[in-house]
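Heads up: the structure comes next, in structure tokens.
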Amino acid sequence: MDNLEKQLICPICLEMFTKPVVILPCQHNLCRKCANDVFQAANPYLPTRSGSLTSGGRFRCPSCRHEVVLDRHGVYGLQRNLLVENIIDMFKQESSSSSGPTQERKEETPMCDVHEDEKINIYCVTHAVPTCSMCKVFGAHKDCEVAPLGTVYETKRSELSDGIAMMVGNNDRIQGIISQLDEACRVIEENGRRQKTKVCEKFDHLYSVLEEKKRQMSQKVTAEQEEKVNYIQGLTKNYGDHLEESCKIVERGIQTMEETEMALFLQNVRDLLKKIEDASSMAHLDKVERGYEKMDHYKVDFRRERKALSNLNFIPDDDDENEEGGDGEAGEGARTVPGGAAVSAPPAQPNAPQQINPSLSPTRSTPST
């Protein structure tokens, strides 16, 4: 029975399924309310009308991370799992009949640190801590605002549940960004290889005269490729670290949700909610501008140089004395080859403006390795 009960627990609220739905196509189950919470967290900007969805959306199954695409009906368009509902009804009936007249185990309530004989039974709203009645009447909380322990327990438990659902949605978005970054790395490497191949094909027609230039231009493409890949990989690591930290917080939140003792729960939930709030923000994580992976600005045109090389020929004897002067006139931008033709060195390809916000990568001149 215990193993069966574990199979009937929702992975979000950690309670037995309520109106379970089938998450197509992975066939995992969620409470309809929990599925709707995860869906809304994954689609915070989806337009709504009178509280109902007006268009479809998508989210990831919390059990297997499979992406679920919904139609305009949203979560309410998913089929109910009647088999699971019937199993839950049978399980509840079997559990109630097998329990018999056995008395329920009375859970131990923690005692007040100040009044050792008094149980913690109220909650100090002013100081946000659970306390006992004696502390309210005679102790440090006599001037504070208090509330019933059960009321605060339900409120904080609801806040934690909402926070977990929000973190699950954030983790889905981070996973999507990581996938996009991986794809950006692949495209950058592919574009870099393509551009280096084109550069090498051009230089093959210029033979040894342009070998040094070919090496320099190839290195330039490779340098930017490595710089961009290193930058993207750095972002991937940052998002991965944030995702790992978020998963730890979610795991801790789920463990805290299993705490049934209200006082112990409230003693731990405040710090956890603060961590969830901090981890939910991704403002400190950079985002890659559109088109950052492009390498199209590395273009070469050797028509002028090819034309000059095609005109190379032997020089007349009377022009030998002018050969040295011709070298001076050619200057740094030209070379004299056998035949007397001055071949201009290919002009340096100007750097195209980088299509990324400098504020997102302030150390682009010296990329981290």
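Read-outs throughout are calculated quantities, based only on the coordinates presented, and are distinct from any laboratory measurement. The structure presented is a predicted model; accordingly, all values stated were derived computationally and were not measured. Please note: Cβ atoms are built from the backbone with ideal geometry, for glycine as well, and neighbour counts cover all protein chains shown.
Counting charges near residue 112 (Lys, Arg +1; Asp, Glu -1) among other residues having Cβ under 9 Å from its Cβ returns a value of -3. Amide H to amide H, with H built 1.01 Å from N, residue 30 comes under 5 Å of 21, 23, counting only residues 5 or more places away or on other chains. Loop-located chymotrypsin sites (Phe, Trp or Tyr not before Pro) in segment 270-319 (DSSP state other than H, G, I, E, B) with a sparse environment of at most 14 neighbouring Cβ atoms within 10 Å: 314. Straight-line reach from residue 228: taking Cα to Cα under 16 Å and skipping same-chain neighbours fewer than 8 places apart, the lysines in range are 196, 220, 237, 287, 294. Near residue 273, once Lys and Arg are set to +1 and Asp and Glu to -1 for all other residues with Cβ below 12 Å from its Cβ, the sum equals +1. Taking Lys and Arg as +1 and Asp and Glu as -1, the other residues whose beta-carbon sits under 14 Å from that of residue 287 total -1.
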